[in-house]
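*Asks:* Attaching a single structure in structure tokens format; questions to follow.
What follows is calculated from the coordinates using simple rules that are stated; it is not laboratory data. Source: prediction; values computed, not measured.
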């Protein structure tokens, strides 16, 4: 499997990141453990999760995904073979949210316990915390790095201005700096990343691991014009893409997939991999077939004509 570097200062990772948000939610524990086995055997060893996955499910408290990954790590004993990325900052209960210096040490210990490990490879701020000074957040994260509990730190859902400010603060004060950014970016969600974030990540050589890489499954091609959207939590997010412009992107994906004897999902991920600044798109899978798409996408490199076709078809989503 092809490898790449996560920004200027980050670790070497595969060009696809396996999303762990489905573990314990739409993928039961036994199937999640099976998927992790298969993914690692195929070389897909970069796994992204968060402490709050899957708190939104009735009866869940958050931490379910991390706990499943932790069971798998303990069962297999292959901690050194994987790169674990997790996130903190979103609501985990009363007094358990944000990026304050008092909460960060508690949050990391909770994640370490659930993951059954003594270090996290990439610890990410799940979203910006406007109520906490960046100096405070970065100082607390720096202590985790110096203590060996975290190898690298990253940001998610930051604006370009705040990301640049955070990196400048780290450099000015000799603190650990964000090596990666996790933004919302795909063929039908282009404008925010390409206009606001891309100049910043290129200037500071920050790695980019986009989430919703397949637009909640829309870019797999399974939602066709005359078919109803299934009444499920995951499918509800695709309705906004079911427009003339959205289906023009699906037509282009079909065309390029046929040219490369591939699938729309693989092609959508390969387009994202080829975009400036992008390191490794995040995508999750709830079946062996979907996992095979992720594995195959890691070796699919599109020719320039195919990339141009997709970029032009998705141009309405870039303005």
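*Asks:* Compare 296, 252, 227 in a GNM of the chain, Cα atoms joined below 10 Å, and give the one with the largest fluctuation.
*Replies:* Most flexible of the set in this elastic network: 227.
*Asks:* For the chain, modelled as a Gaussian network with Cα springs under 10 Å, which listed residue fluctuates most, 116, 106, 124?
*Replies:* Comparing 116, 106, 124 in the GNM, the peak value goes to 106.
*Asks:* Okay, moving on. Could you tell me what a quarter of the Cα convex hull surface of the range 2-59 works out to, in nm² with one decimal place?
*Replies:* Numbers: hull surface 19.1 nm².
So the Cα hull casts an average projection of 4.8 nm².
*Asks:* Mind computing the radius of gyration and Dmax over the alpha-carbon atoms of the chain? Å is fine for both.
*Replies:* 18.9, 57
*Asks:* Over the Cα atoms, compute the radius of gyration (one decimal) and Dmax (the largest Cα-Cα distance, rounded to a whole number) for the range 199-264, in Å.
*Replies:* Both quantities, over Cα of the range 199-264: 14.8, 45 Å.
*Asks:* Pairing the Cα long axis of helix 304-313 with the longest principal axis of the chain, what angle in degrees results, from 0 to 90 and rounded to the nearest 10?
*Replies:* The two axes meet at around 90 degrees.
*Asks:* I would also like to ask the following. Quick one: helix 264-273 against the long Cα principal axis of the chain, what's the angle to the nearest 10°, folded into 0 to 90?
*Replies:* Once rounded, the angle reads 50 degrees.
*Asks:* Could you work out the percent of alpha carbon pairs in the range 56-139 separated by over 22 Å, rounded to a whole number? Mind dumping the intermediate values first?
*Replies:* Working: 1003 of 3486 pairs.
When every Cα pair of the range 56-139 is considered, 29 percent fall beyond 22 Å.
*Asks:* Moving on. If I take every Cα pair under 8 Å that is 6 or more residues apart in the range 179-227, average their sequence separation and divide by the length, what percent do I get for the relative contact order? Could you put the intermediate results ahead of the total?
*Replies:* Details: 45 pairs, mean separation 23.9, N = 49.
Relative contact order for the range 179-227 comes out at 49 percent.
*Asks:* Assuming a ≥ b ≥ c are the square roots of the Cα gyration tensor eigenvalues, decide whether the range 110-224 counts as rounded (a/c under 1.5), prolate (otherwise, with a/b larger than b/c) or oblate. Show your work: numbers first, answer last.
*Replies:* Numbers: a/c = 2.50, a/b = 1.41, b/c = 1.77.
Note, shape of the range 110-224 comes out oblate.
*Asks:* From zero outward in steps of 10 Å, how is the percent of C-alpha pairs of the range 35-94 spread across the bins?
*Replies:* Histogramming the range 35-94 at 10 Å steps yields 21, 48, 25, 5, 0 percent.
*Asks:* Also: Given N residues in the range 155-202, what is its alpha carbon radius of gyration divided by 2.2 N^0.38 Å? Walk me through the intermediate numbers first.
*Replies:* On the way: Rg = 11.5 Å, N = 48, 2.2 N^0.38 = 9.6 Å.
So the Cα radius of gyration is 1.20 times the expected 2.2 N^0.38 Å.
*Asks:* From the P(r) of the range 130-170, could you give the percentage of C-alpha pairs in the tail past 14 Å? Could you put the intermediate results ahead of the total?
*Replies:* Values: 403 of 820 pairs.
Of the Cα pairs, 49 percent sit more than 14 Å apart.
*Asks:* Now for a different question. With a cut-off of 8 Å between alpha carbons and a minimum separation of six or more residues, what is the relative contact order of the chain in percent? Don't skip to the end; give the middle numbers.
*Replies:* Values: 603 pairs, mean separation 59.6, N = 319.
RCO, the chain: 19 percent.
*Asks:* Next question, about the same structure. Please report, to one decimal in angstroms, the Kirkwood hydrodynamic radius of the range 232-300 built from all distinct Cα-Cα pairs. Please list the in-between numbers first.
*Replies:* Values: mean 1/r = 0.0760 Å⁻¹.
Evaluated over the range 232-300, this radius sits at 13.2 Å.
*Asks:* Looking only at Cα atoms, what is the convex hull volume of the range 182-230 per residue, in Å³? Intermediate results must be reported in sequence, preceding the final value.
*Replies:* Values: hull volume 3.6 nm³, N = 49.
Convex hull of Cα atoms, per residue: 73 Å³.
*Asks:* Which of 239, 194, 228 ends up with the largest GNM mean-square fluctuation for the chain, with Cα atoms connected below 10 Å?
*Replies:* 228
*Asks:* Dimensions of the range 170-319 along principal axes (Cα, Å, largest first)?
*Replies:* So the three principal-axis extents are 56, 35, 34 Å.
*Asks:* Now for a separate question. For the range 7-112, state what percent of all Cα-Cα pairs lands in each successive 5 Å bin, counting from 0 Å until the bin that includes the largest distance.
*Replies:* Once binned at 5 Å, the Cα pair distances of the range 7-112 give 2, 12, 23, 22, 19, 14, 7, 2, 0.
*Asks:* Once the Cα atoms of helix 288-297 and of the chain are each reduced to a long axis, what angle between those two axes, in degrees from 0 to 90 to the nearest 10, is obtained?
*Replies:* Value to nearest ten degrees: 90.
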